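Q: Let me begin by handing over the structure; questions about it come next.
The values are calculated or read from the model by the stated rules, or taken from the named source; none is laboratory data. As the structure is a computational prediction, the values presented were derived from the model and not from experiment. Cβ placement follows ideal geometry from the backbone for every residue including glycine, while neighbour counts extend to all protein chains displayed. Note: areas computed on protein heavy atoms with side chains; ligands, DNA, RNA excluded. Shrake-Rupley method; radii C 1.70, N 1.55, O 1.52, S 1.80 Å.
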Amino acid sequence: MRILVIGGGEVGYALARGLAAEHEIFVVDQSAEVAERFRQLDVEFITGSATSAEVLRRAGAERCDLMIACTGLDEVNLVACAIAKRLGLSRTICFVSSDDILDADDSSDSMREHFGIERVVWPEAQLADDIERIIDAPGAIDAEVFAGGRIRLLEFRLQSGSPLIAGPISSLHVPHRALIIAVKHREVFQIPRGDTRLSAGDKIIVMGTPEALRELQPQIDPVSEGGSKRQVVTIIGGGDVGFRLAQRLDASRNVEVRIFEKDRVRGELLAASLQRALVLNGDGTDLELLEAEEIGRSDVLVSVIDNDERNLLASLLARQLGVRKIITRVSRPANLRLFERVGIDVALSARGSAVASVIHHVQGGRASLLAVLEEGQATIVEFVVPASYRPRALQDLNAPAQSIVGAIVRGDQIIIPRGSDQIRPQDRLLVFATSDSVAKIRDYFTAGN
């Protein structure tokens, strides 16, 4: 496939790197200095403005199958998509950074009609939604919901006192409708077996019904109280991510929200828009202010300033003041591991998850991407079993390594499978797969094996 990428920033580079192995990639950016970074990739770089029809023609837009507009300016992305449509490029994906152009209920149809946009990607909104799900699962460092809420996925980091590190997995008291589908030990994912032993510091990913995961959670995180108590959540930064998150949490009676915003005018806008949340005008990295406002009584602190250094400072100050759970926004993906190593519980990159979802959208075929885990190192993918598939038990499959069926949706029935459970035609399979195995598992389950 010939793909035109508009923008050579962090997102554009990540997309080009992820797609170059299987596709012909052309990158447009007006900065000649940016071109140097792309020399190590098998891509063609065109210097010029993406709002120029001549530049897009020079990049071969008429002959491309898809364009991805991902500069840091919404206006440039929209205009580039409109020009590409006029040049005959029918498929475009557009990144946006705010909801200004997405207010209308029929925004998707409008964007498709006027700009020829197939898909709109808003990383900041996706980040706010991810954070809300994690807050709703005390003790978890990631959380996803599937099948209309009938299936949940939670990721935890095991502490030294967890009962789950007492023996091999086969000896643990895991509820029948819950399944440990993956373990990340020292940065490496593995699919656990009965003799696998868990260690303090491991990350485990569990899939199951909401009831089963609530039953399991005290074993994983004994002090989380199963999410029964009212939570105090403090948000540092009232930008697009902080505001969207505050709006969603403000609607919950089980959450008390406080939000720190340095800019007074922005703070007044937040206060006028939120019903119950307390908006504080001040710098979330000011230690005296944090102490005066008793930040240590917060159950969760979320730092979503658009600056990695200030986010890290606010998070470390909150940890020193006694906040138990810290969720921090990371703008530069290279900083993710650093944030975790210095004790940040949950470090999230809006751009990383968005890039992984777009790459899957481009080359996912008949599989649907449901979730991106650990910044693209693993995914949850849904497959519909072909009608020609011969029923067989999971234990008889010869499926690719580093993959596991975490759940089966059969009509109205939810099955958290064990080895003796069968896969049947037209089943919907929710499969965990590492980034290295997702292509193999996609081919395996859609080829009628």
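Q: Of the residues that sit in segment 422-440 and are open to solvent by less than 50 Å² (accessible area, probe 1.4 Å) and not hydrophobic (A, V, I, L, M, F, W, C), which one is nearest to E382 (Cα to Cα)? Walk me through it before giving the result.
A: We begin by selecting, within segment 422-440, every residue open to solvent by less than 50 Å² (accessible area, probe 1.4 Å); these are 423, 425, 427, 429-434, 437-439.
From the residues that got through so far, the ones that are not hydrophobic (A, V, I, L, M, F, W, C) too are 425, 427, 434, 437.
Details: P425: 14, D427: 10, T434: 14, S437: 14 Å.
Filtering segment 422-440 for residues that are open to solvent by less than 50 Å² (accessible area, probe 1.4 Å) and not hydrophobic (A, V, I, L, M, F, W, C), the one nearest to E382 (Cα to Cα) comes out as D427.
Q: Considering each residue of segment 264-277, count those that are among the small types (G, A, S) and open to solvent by 70 Å² or more (accessible area, probe 1.4 Å), and give that number.
A: 1
Q: Can you list residue pairs whose Cβ atoms sit under 6 Å apart, with the first residue in segment 180-209 being closer than 21 Å to T379 by Cβ and free of Cβ contacts under 8 Å to residues at least 60 places away in the same chain and the second being of a type in the set (D, E) and surrounded by 15 or more Cβ atoms within 10 Å (Cβ to Cβ)? Count only pairs 6 or more apart in sequence or on different chains.
A: Close Cβ pairs (under 6 Å, with a partner that is of a type in the set (D, E) and surrounded by 15 or more Cβ atoms within 10 Å (Cβ to Cβ)) amount to V183/D202; H185/D202.
Q: Is it the case that L153 is among the hydrophobic types (A, V, I, L, M, F, W, C), crowded, with 20+ Cβ neighbours inside 10 Å and touching a Gly at 6+ places or on another chain (Cβ under 8 Å)?
A: So L153 fits the description; yes.
Q: I'm checking my understanding of the structure. Among residues of segment 173-184 that are farther than 13 Å from Q219 by Cβ and under 27 Å from the mean Cα position of the chain (by Cα), which one is surrounded by the most Cβ atoms within 10 Å (Cβ to Cβ)?
A: Going through the qualifying residues, I end up with A182.
Q: May I pose another question? I'd like to check something: does segment 234-248 contain any residue that is within 24 Å of I141 (Cβ to Cβ), out of contact with any Lys or Arg (no Cβ under 7 Å at 6 or more places or on another chain) and of a type in the set (D, E)?
A: Yes.
Q: Now a separate question. Which one of E187, E261 is within 26 Å of the chain's Cα centre (by Cα), open to solvent by 30 Å² or more (accessible area, probe 1.4 Å) and among the charged types (D, E, K, R)?
A: The match here is E187.
Q: Any residue in segment 265-277 that is under 14 Å from R244 (Cα atoms) sitting within a Cβ distance under 6 Å of a residue that is among the small types (G, A, S)? List the pairs, counting only those 6 or more apart or interchain.
A: So the pair list comes out as R266/G238; L270/G238; L274/A246; A277/A246.
Q: Residue under question is P175, and the condition is that it be on the phi < 0 side of the Ramachandran plot and part of a helix (DSSP H, G or I); does it hold?
A: Answer is no for this residue.
Q: Could you grab me the full set of residues in segment 156-183 that are at pLDDT 95 or above, out of contact with any helix residue (DSSP H, G or I) (no Cβ under 7 Å at 6 or more places or on another chain) and not small (G, A, S)?
A: The answer is L179, I181, V183.
Q: Check S97 against each of (1) among the small types (G, A, S); (2) at pLDDT 85 or above; (3) within 24 Å of A356 (Cβ to Cβ); (4) not in a loop (DSSP other than H, G, I, E, B) and name the one condition it does not meet.
A: Unmet for S97, out of (1) among the small types (G, A, S); (2) at pLDDT 85 or above; (3) within 24 Å of A356 (Cβ to Cβ); (4) not in a loop (DSSP other than H, G, I, E, B): (4).
Q: Select from segment 178-196 the residues that are among the polar types (S, T, N, Q) and not in a loop (DSSP other than H, G, I, E, B) and list them in ascending order.
A: Q190
Q: For segment 156-172, name all the residues that are in a strand (DSSP E or B) and surrounded by fewer than 16 Cβ atoms within 10 Å (Cβ to Cβ).
A: P168
Q: Looking at (1) charged (D, E, K, R); (2) under 19 Å from R91 (Cβ atoms); (3) open to solvent by less than 50 Å² (accessible area, probe 1.4 Å), can you tell me which one E22 breaks?
A: (3)
Q: Taking strands (runs of 3 or more DSSP E) that do not extend beyond segment 278-387, which have at least 2 residues that are in contact with a Pro (Cβ under 7 Å, 6 or more places away or on another chain), crowded, with 23+ Cβ neighbours inside 10 Å and free of Cβ contacts under 8 Å to residues at least 60 places away in the same chain?
A: Fully inside segment 278-387 and qualifying: nothing.
Q: State whether the residues of segment 118-137 include one that is farther than 24 Å from Q377 by Cα and open to solvent by 30 Å² or more (accessible area, probe 1.4 Å).
A: Yes, because at least one residue in segment 118-137 is farther than 24 Å from Q377 by Cα and open to solvent by 30 Å² or more (accessible area, probe 1.4 Å).
Q: So is A53 open to solvent by less than 10 Å² (accessible area, probe 1.4 Å) and at pLDDT 90 or above or not? Outline the logic, then answer.
A: Details: open to solvent by less than 10 Å² (accessible area, probe 1.4 Å): no; at pLDDT 90 or above: yes.
Here the answer is no, as A53 does not meet what is asked.
Q: Pairs, please: C-beta under 7 Å, at least 6 apart or cross-chain, first residue at positive phi and in segment 227-253, second open to solvent by less than 10 Å² (accessible area, probe 1.4 Å)?
A: G227/A137; G237/G284; G237/S303; G237/V304
Q: Give the residue, chosen from A59, A53, A69, that is within 19 Å of A16 (Cα to Cα) and over 26 Å from the mean Cα position of the chain (by Cα).
A: A59
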